[in-house]
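Enquirer: Sharing a structure, written as structure tokens. Questions coming.
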Amino acid sequence: MVSVGTIVFLAQELMFFAGLFAMYFTSRANGMKTGDWAVQTDHLNVLFGTIITIVLVTSSVTSQLGVFAAEKGDVFGLRKWFTVTIALGVIFLGLVAYEWAEMVMHGVTPQSSVYGSVFYIITGFHMAHVTAGIIAFCIVMARVAKSKFTPAQATAAMVTSYYWHFVDVIWIGVFVTLYLVQ
């Protein structure tokens, strides 16, 4: 059973990202008037962004498989799927960091333009949330390793997975906004 606290936490996270999206669209509207927005977005690699998205969405599937294992009391399955989820999360972070390096090489930096600032703020905050999710998965794994598996640990696995799904859905919004809408 998911607690009210989890729902409230995810709701405030949703409002946080809604503010970031509002910042993006407001900045985009102003940047389109000056014409430099389109020049900056030309450096985005949509195919690479699609690959990044596939990695993160796949991690959502593996996270849910871990929850299904936890609900059955399958500790091995929980560990296996959460380990894969953690690995995919780390790969995601590496791919986004590579994307950042590519953007910097093309002169898109937080200091170069409003677009650069908005791009790095949105993706940076998302990366921070992915990092928090990876840490949460590691905590669940440590708890499972330290004691006998209990229903409380299955609940912790479920809540962590809910957070991860939320972060994944936010990334889909980020991907559509940054890479497709531009």
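Enquirer: Suppose R0 equals 22 Å. What FRET efficiency, 1/(1 + (r/R0)^6) with r the Cβ-Cβ distance, do Cys138 and Glu13 give to the nearest 0.05?
Expert: Working: r = 20 Å, r/R0 = 0.89.
The formula returns an efficiency of 0.65 here.
Enquirer: So, one more: With a 1.4 Å probe and all protein chains left in place, how much of the accessible area of segment 19-146 comes from carbon and sulfur atoms, in whole percent? Show your work: numbers first, answer last.
Expert: Details: 4370 of 6140 Å².
C and S atoms contribute 71 percent here.
Enquirer: Per the Debye formula with a single identical scatterer at each Cα and no solvent contribution, what log10 I(q)/I(0) holds for segment 1-48 at q = 0.17, 0.18, 0.31 Å⁻¹?
Expert: These q points yield log10 I(q)/I(0) values of -0.67, -0.70, -1.01.
Enquirer: Evaluate the charge dipole of segment 1-86 about its Cα centre and quote only its size in Debye, nearest 20, assuming +1 on the Cβ of each Lys and Arg and -1 on the Cβ of each Asp and Glu.
Expert: On the way: 5 positive and 5 negative charges, 18 e Å.
So the dipole magnitude of segment 1-86 works out to roughly 80 debye.
Enquirer: Further question: Have a look at Ser3, Gln64, Phe166 and report the one farthest towards the positive end of the charge dipole of the chain, computed about the Cα centre with Cβ charges (Lys/Arg +1, Asp/Glu -1).
Expert: Looking along the dipole axis, the top candidate is Ser3.
Enquirer: Taking only protein heavy atoms and a 1.4 Å probe, what accessible area per residue, in Å², does the chain have with all protein chains in place?
Expert: Details: 8830 Å² over 182 residues.
Per residue, the chain has an accessible area of 49 Å².
Enquirer: Answer with one residue from Val90, Thr123, Asn30: the one whose Cα lies farthest towards the positive end of the charge dipole of the chain, charges on Cβ with Lys, Arg +1 and Asp, Glu -1.
Expert: Positive-end residue among those listed: Val90.
Enquirer: So what are the three principal axis dimensions of segment 1-136 from its Cα atoms, in whole Å, longest to shortest?
Expert: Result for segment 1-136: principal-axis Cα extents of 58, 32, 19 Å.
The values are calculated or read from the model by the stated rules, or taken from the named source; none is laboratory data. Nothing here was measured: the structure is a model prediction, and the numbers come from that model. Neighbour counts are summed over all protein chains in view; Cβ atoms, including those assigned to glycine, are modelled from backbone coordinates with ideal geometry. Surface accessibility is based on the protein's heavy atoms, side chains included, excluding ligands, DNA and RNA. Shrake-Rupley method; radii C 1.70, N 1.55, O 1.52, S 1.80 Å.
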